[in-house]
Amino acid sequence: MDIDITAYYEKYAPMVIRRCRRMLGNEEDALDAAQDVFVALLGAAEKLRGLYPSSFLYTVATNVCLNRIRQKKRRAETAQDAGELPLITIDRGYDRVEANMIMDTILLPESESTRTICFMYHADGMTLKEIGKAMGISVAGVWKRLRAFKSRAKIAYEGEKR
C-alpha cells in the first residue's frame, strides 16, 4: 500500500508532536521523536487503518518516546557505572525508585493498546470519547479497558507494597 506521507504529516503532525512534547518535556526531543514516528510510518503502511490512522500514530509516538526515555536512562546509568559524569541527572531518591518499580509492576504486563489508553486518560487528560475516537473503539470499550486496568493495577500495587 502506497501512502501519501505528506498528507499524513500535515494532518497528524500536530497531534504527534503534542504527544511527544508531553512525554519528553523538551521541544527539540519532541520534534526528533515525531520525525522518527513518521519514518516508522513509511515502513508500516500496511498497519494503517483507513478510518483511524491517528490511533496507530499515537501508539507509535508513545512507543518512540518510551524507548527514548529508556535509552536516556540506560546511557546515564552506564556512564555512572563507568565512573563518568552522567549526561543527565537521575533522581536516586527512594520515593522515585519505589514509584518506578510500582509503575513497572503495574504497566509491563499490560498490552500496548491498554498502556496507550492509560497514558491518554491519566497523563494526557483525554476524555473517553477522545480516546475512543483515537483508538477506533467505542466509549464503552475504553471505559471497560480502564476499569479492568484499574482492578489489575490495584492488585499489583497491593502485592508490591508487601
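Rule-based calculations on the coordinates, nothing more; no lab input. It should be emphasised that the depicted structure is a prediction, and the values quoted were computed from it without experimental measurement. With ideal geometry, Cβ positions are generated from the backbone for all residues, glycine too; neighbour counts draw on all protein chains shown.
Within 14 Å, Cβ to Cβ, of V139, how many net charges do the neighbouring residues add up to if Lys/Arg are +1 and Asp/Glu are -1? Intermediate results must be reported in sequence, preceding the final value.
Numbers: positive: K129, K133, K144, R145, R147; negative: E130.
Within the 14 Å Cβ shell, the charges total +4.
Taking K and R as +1 and D and E as -1, what net charge do the other residues with C-beta under 14 Å from the C-beta of M15 add up to?
On the way: positive: K11, R18, R19, R21, R22, K133; negative: E10, D124, E130.
Counting the neighbours of M15, the net charge comes to +3.
What's the local net charge at A33, with K and R +1, D and E -1, over the other residues with C-beta under 12 Å away?
+1
Describe numerically, in nm with one decimal, the distance between label points set 7 Å from Cα along Cα→Cβ at R74 and at E130.
Label-label distance for R74 and E130, simple model: 3.2 nm.
Using the basic label-point model (7 angstrom from Cα toward the beta carbon), what is the K144 to A7 distance in nanometres?
Going from the K144 label point to the A7 one covers 3.3 nm.
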